[in-house]
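Just below is one structure, and these are the notes that go with it.
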Amino acid sequence: MANDRYYLHCAREGLHGHECAGRITWEHSMYYKGSQLQKRWAIIPLCAKAHNCDEWQDRGDMDKSINEWIALNRATQDEILEICRARDYFRYRAFLNNRYGAYVAPPPMVEDGIAY
């Protein structure tokens, strides 16, 4: 994931009034069987403010449902089926899409110059 450009920028950048601040962190947005779900689609990049860490500890704008909304919309149908034992995540995703709107992933970031 460290080599994936998606993980270089906050997934909430510009969404629902969020203003980014701080370093990029990785948020395990989904839980399954009581543990963090270790799947690429369920781990989203967030700035420190959106993740309530560093100087924004307990005063940032962490919103777990928005993080779940982003993650569930990144997942394929088959990936969601893998975790749909105790909860209907298709219904939950539809609820979140109704609440926050259709999620559109940001376009890949294009950077000038050489990445070291």
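The values are calculated or read from the model by the stated rules, or taken from the named source; none is laboratory data. Predicted model only: the values in this text are computed from it and were never measured. Here Cβ is always computed from backbone atoms with ideal geometry, including for glycine, and neighbour counts include all displayed protein chains.
Considering only the range 5-56, state which residues are over 23 Å from Ala102 (Cα atoms), at pLDDT 90 or above and surrounded by fewer than 13 Cβ atoms within 10 Å (Cβ to Cβ).
Of everything in the range 5-56, those that are over 23 Å from Ala102 (Cα atoms), at pLDDT 90 or above and surrounded by fewer than 13 Cβ atoms within 10 Å (Cβ to Cβ) turn out to be Arg23, Ser35, Gln38, Glu55.
Might you check whether a residue that is touching a strand residue (DSSP E or B) at 6+ places or on another chain (Cβ under 6 Å) and under 18 Å from Met1 (Cβ atoms) occurs anywhere in the range 73-81?
no
With the structure loaded, tell me whether Asp88 is surrounded by fewer than 16 Cβ atoms within 10 Å (Cβ to Cβ), within 21 Å of Ala21 (Cβ to Cβ) and either in contact with a strand residue (DSSP E or B) (Cβ under 7 Å, 6 or more places away or on another chain) or modelled with pLDDT of 90 or more (or both) or whether it fails that test.
No, not satisfied.
Give the residues of the range 57-80 that are surrounded by 19 or more Cβ atoms within 10 Å (Cβ to Cβ) and either free of Cβ contacts under 8 Å to residues at least 12 places away in the same chain or of a type in the set (Gly, Ala, Ser) (or both), sorted by residue number.
Within the range 57-80, Gly60, Ala71, Ala75 qualify.
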